[in-house]
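Engineer: Attaching a single structure in structure tokens format; questions to follow.
Since every read-out is calculated from the coordinates, none of them should be taken as a lab result. None of the values given here were measured: they were computed from a predicted structure. FYI the Cβ positions are ideal-geometry reconstructions off the backbone, even for glycines, and counts take in every protein chain you see.
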Amino acid sequence: MAAVQGFRKTGVVGLEDLSALGLLPPEWRLRKGPVVVLECPEMIPCNICVPYCPTKAITMERLIDLPKVNWDKCTGCGVCVAVCPGLAAFVVDLSKEDADYVTVPHEFLPAPKVGEEVVLLNKHGERVGKGVVTRVWERNKTYVVTVKTPKGLGMEVRAIWVER
Amino acid sequence: MTFYYEGQPVEAYEGESVAVALYAAGFDSLSWSSSLVRPRGLFCMIGKCSSCFMIVDGVPNTKTCREPVREGMRVERQRGWASPVASESVELSELPEVRIDTDVLIVGGGPAGLSAALTLAEFGLDVVLVDEHFKLGGQLLKQTHKFFGSVDLFGGMRGFQIAEDYVKRISSNPRIKVLLESVAYGAFRGGIVGVASKEAHYFVKPKALLASTGAQERYLDFVNNDLPGVIGAGGAQTVMNEYGVKPGERALVVGSGNVGLIVSYQLLQAGVKVEAVVEVLPEIGGWFVHAAKIRRYGIPILLRHTVKEVSGNGRVEKAVVVEVDEKFNPVPGTEKEFDVDLVLLAVGLEPDTRFAMQCGAVARWSPELGGLVPLRTLDLETSVPNLYIAGDSAGIEEATTAIIEGKIAALSIATKLVESSKASKAREEMDKLIRFLWDVYRASPLLARARKGKESVTVSREEMDKLRVEFPPPISFG
Ligand code: SF4
Ligand code: SF4
């Protein structure tokens, strides 16, 4: 690693970086429906997403390699969102006309409820709008939450906050 | 249950430590410094510092972070290091002296010690596992985040769940004798180790010994850095994650290594507002994914910043942060104030090598590993024959490598103590694990620094033999 990568200064990884690392789903795949975005740009000794993916869409040669996604195989099921120890896996659905859908890991109480309006946060923690929760499930204390966001926010929103 | 802090009743829950119960009840001051009589609050919470030394039922210098609450107990503050001569109010009782002959003594029941104990027992060896705390697990107990790695290395499980899994298997294993609230205070000629516990004074004679004694948190220089509310990041994790006590309302975290980033996320989970993480270097210290986890909830990471001073009346109320230049000197006029009641220090760990050093292990300084650490062979034996090291006390790395190192040390010990067919199986497994650790796991660029450190303190068998001639070990085990 030569110069310090930008995300190592900001804690925010941009779409260009993800694309250069092969972690950004291609246009054609984004148009088809829900698909995974693994924001895992460093060579962590970790492969947890690989054995858990039900369709074997994620592969890795060595434990320290970056995950590689087979875009045809990924169904956007969100299992990797639940199990990734880095909370670095997200599912986006940009295929709908009126709205985008984003699935994020959430480890805060209270648990979000389906139908509830929540605050949408981007990678910098800025409030970028409000969205409605469409699905919640839990695995080992991580909630996997899908929110409906205004159209155009699918690649922005990476967290939600429940305000009651 | 109820106990008494300088005469005042304090409500506490069973299973809490005295220090945590006092903190939860709002008592910030646990002792006084010796010369300036300044209040001392809790700091490390794992028995490695002296901030929480108190007089408990007349006994001075009791580490209250390691002392479970008991109904009616009396706790008082002490000034500095109190004379260890017990006061009249203490009933002295003679402890029985008990000699234990065993295959392996393990000092420290954290990830390295736990994995070693089980591996040794699987090979049919008898183990005595000693820990200062009143429960096993070491720092796994406060790790609420999920671990990386692969499924066979507990990846995906949360740290405390790994501890639960180990403890369940260890407590049902008849080959492992666990001594809690027990201190292995020293090794003597003849390879006998003294262990002080509340029930007995043990003299343990093992054929091999593993020192997996962990690490302690580093301190940082700034004005009023001893004010209660300045806590080790790990100490705060113990308070909130092991005992479920909210450590404060608003926090400043100093240091952006994985510990600083993870503790910030956990503070947020506990409902504490994290004002900022400050980092003196021009780059985030820890892994990107841990940084991203706190950035997306709006916690700023201020690079090239450090804490200049804190202030408050008996407890931190304010922290001043300042920018630093290329030479790490504060830039005047860049001060920022934060109204916080917690300043958490996550500025690195230092290996706790006291046990191995007392045994006379030859050591070398490694900045990458956090300080002076014993030299060791690939299979983790030190210059003291049959004294092994593993985990953070062998050089700061992380819990998964501690688990692997514990297992490597155990397998190496097994090759010496079990019959030949089983010994060759142990050797095979050990070689495989050593190759995995060095060629696969530590090949990650994120671990390059630790790897460099470990390379600098690992020597060949031949070099070790020479060291043993040059610096004859004062004692040996076996
Ligand atoms: S979303 Fe489901 S199918 Fe796609 S990579 Fe993740 S686990 Fe596999
Ligand atoms: S599980 Fe998460 S952290 Fe681990 S390799 Fe997959 S995406 Fe990266």
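Engineer: Counting other beta carbons within 10 Å of each residue's own, what order do B:Glu381, A:Glu156, B:Glu71 fall into, fewest first?
Structural biologist: B:Glu71, A:Glu156, B:Glu381
Engineer: Report for chain B the percent antiparallel among DSSP-assigned beta bridges with both residues inside it, nearest 5.
Structural biologist: If I count the DSSP bridges inside chain B, around 50 percent turn out antiparallel.
Engineer: So, one more: Averaged across the residues of B:280-289, what count of C-beta atoms belonging to other chains lies within 10 Å of each residue's C-beta?
Structural biologist: 5
Engineer: Ratio of alpha-carbon Rg to the 2.2 N^0.38 Å globular estimate for segment B:229-347, to two decimals, please.
Structural biologist: For segment B:229-347, the normalised Cα radius of gyration is 0.99.
Engineer: Still on this structure: Between B:Thr334 and A:Trp28, what FRET efficiency follows from the Cβ-Cβ distance if R0 is 45 Å, with the result rounded to 0.05?
Structural biologist: Rounded to the nearest 0.05, the efficiency is 0.40.
Engineer: Please report, in Å, the Rg and the Dmax of segment B:2-79, where both are computed over Cα atoms only.
Structural biologist: 11.2, 35
Engineer: Over the protein assembly as shown, what lengths in whole Å, largest first, do the semi-axes of the equivalent ellipsoid take, defined as the square roots of 5 times the eigenvalues of the alpha-carbon gyration tensor?
Structural biologist: 42, 32, 23
Engineer: On a full-extension model of 0.36 nm per residue, what is the gain between A:Asp65 and A:Trp161, subtracting their alpha-carbon distance, rounded to one decimal in nm?
Structural biologist: 31.3 nm
Engineer: Next question. Please arrange A:Thr149, A:Thr10, A:Thr59, B:Thr401 by how many other C-beta atoms lie within 10 Å of their C-beta, fewest to most.
Structural biologist: Final ranking by Cβ density, sparse to dense: A:Thr59, A:Thr10, A:Thr149, B:Thr401.
Engineer: Roughly what % antiparallel, to the nearest 5, for the DSSP beta bridges in the protein assembly as shown?
Structural biologist: Roughly 65 percent of the DSSP beta bridges within the protein assembly as shown come out antiparallel.
Engineer: Choose one of B:Ile299, B:Leu369, A:Tyr52: the residue whose Cα lies farthest towards the positive end of the charge dipole of the protein assembly as shown (beta-carbon charges +1 Lys, Arg; -1 Asp, Glu; about the Cα centre).
Structural biologist: Value: A:Tyr52.
Engineer: Then there is this: Given an 8 Å cut-off on Cα distances and at least 6 residues of separation, report the relative contact order of chain B as a percent.
Structural biologist: Relative contact order, chain B: 15 percent.
Engineer: Under the definition of partner shielding as Cβ atoms of other protein chains within 10 Å of a residue Cβ, what is the mean value for peptide B:153-165?
Structural biologist: 3
Engineer: A follow-up question, please. With a cap of 12 neighbouring Cβ atoms within 10 Å, and only residues DSSP puts in a loop, list the trypsin sites (Lys or Arg not before Pro) found in segment B:319-410.
Structural biologist: B:Lys327
Engineer: Expressed as a whole number of Å, what is the distance separating the alpha-carbon centroids of segment B:230-251 and segment B:399-444?
Structural biologist: 35 Å
Engineer: Helix by helix through chain B, keep the DSSP H runs that span 15 Å or more along the axis on Cα and average at least -1.0 on Kyte-Doolittle, and give those back in order.
Structural biologist: Length and hydropathy pass: B:111-122, B:159-171, B:258-269, B:399-417.
Engineer: Grab the eigenvalues of the alpha-carbon gyration tensor for chain B, scale each by 5, take roots, and send me the semi-axes largest first in whole angstrom.
Structural biologist: 36, 29, 20
Engineer: Still on this structure: Restricting to Cα atoms and excluding each atom paired with itself, what does the Kirkwood estimate give for segment A:54-132 in Å?
Structural biologist: 14.8 Å
Engineer: What GluC sites (Glu not before Pro) in segment A:4-113 are in a loop by DSSP, with at most 11 other Cβ atoms within 10 Å of the Cβ?
Structural biologist: A:Glu61, A:Glu97
Engineer: Separate question: What order do you get for B:Leu210, A:Leu94 when you list them from fewest to most C-beta neighbours inside 10 Å?
Structural biologist: Fewest-to-most ranking of B:Leu210, A:Leu94: A:Leu94, B:Leu210.
Engineer: Taking every pair of distinct Cα atoms and averaging 1/r, then inverting, what Kirkwood hydrodynamic radius in Å comes out for segment A:7-161?
Structural biologist: About 15.6 Å, per the Kirkwood formula over Cα pairs.
Engineer: Filter the GluC sites (Glu not before Pro) in segment B:410-471 to those in DSSP coil with at most 14 other Cβ atoms within 10 Å of their Cβ, and list the result.
Structural biologist: B:Glu419
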